[in-house]
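Read the structure below first, then the notes.
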Amino acid sequence: ELGIAFLFIAHDLAVVRHFSQRVAVMYLGKIIEVGDRDSIYTRPRHPYTHALLSAVPEVSLDGDGAPARERIRLAGDVPSPISPPSGCRFRTRCWKAQDKCAAEEPPLVQLSGNRTDHLTACHFPEDPTTEARDEDIILDPALAALEEGSPGPEASEA
């Protein structure tokens, strides 16, 4: 309306959702998914975007008893941005990674099922809906053990 554009950088996805019309998700300095706000938040395609969105807290004020949204916990350490992994930078923490992910960096393209201008850089994208999963994906056994109240693998070695 005013002919003004701005770049808003944040880690708080709840604020980004209310503040921005278009959203770009980055991992280790590369844009891995970009699109309009509704498309990114309701139909993410990149596994990292799914993981980020699963971490946003949900509050139900009406007590509707709706099932809790999936939560994805990524295993492993974040690679160094100084020396990123070959191919897809997210592949070392991705549950969908295959040999192709190490050999070739995925281009940022419009995938079938995406809205116009919703681009994703992934060789093996997620289904275009967050409802596609039936249960939580827990990738880090130590975190799963903490949530269940049992000691993690390092506690048994002490």
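Quick look at the numbers
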| item | result |
| --- | --- |
| All positions within region 9-31 that are more than 14 Å from A55 (Cα to Cα), open to solvent by less than 100 Å² (accessible area, probe 1.4 Å), in a loop (DSSP other than H, G, I, E, B) and not hydroxyl-bearing (S, T, Y) | A10, L28, G29 |
| Of all residues making up region 86-95, the number that are closer than 13 Å to I32 by Cβ and either open to solvent by 90 Å² or more (accessible area, probe 1.4 Å) or part of a loop (DSSP other than H, G, I, E, B) (or both) | 5 |
| Any pair with Cβ under 7 angstrom, 6 or more apart, that starts in region 53-78 at a residue that is over 17 Å from R43 (Cα atoms) and ends at one that is assigned to a helix (DSSP H, G or I) and modelled with pLDDT under 85 | R73/L143 |
| Candidate set: region 48-81, residues that are modelled with pLDDT of 80 or more and over 21 Å from V15 (Cα atoms); chosen: the one most open to solvent (accessible area, probe 1.4 Å) | D77 |
| Residue that is nearest to L108 (Cα to Cα), among those in region 32-45 that are of a type in the set (D, E) and open to solvent by 10 Å² or more (accessible area, probe 1.4 Å) | D36 |
| Those residues of region 112-123 which are touching a residue at least 40 places away in the same chain (Cβ under 8 Å), crowded, with 16+ Cβ neighbours inside 10 Å and either in a loop (DSSP other than H, G, I, E, B) or basic (K, R) (or both), in sequence order | N114, H118, A121, C122 |
| Test: residue in region 99-111 that is modelled with pLDDT under 95, over 20 Å from V23 (Cβ atoms) and in a loop (DSSP other than H, G, I, E, B) | no |
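The values are calculated or read from the model by the stated rules, or taken from the named source; none is laboratory data. All figures in this text were calculated on a predicted structure; none of them were measured in a lab. Cβ: placed from backbone, ideal geometry, glycine included. Neighbour counts: every protein chain shown. Surface accessibility is based on the protein's heavy atoms, side chains included, excluding ligands, DNA and RNA. Shrake-Rupley method; radii C 1.70, N 1.55, O 1.52, S 1.80 Å.
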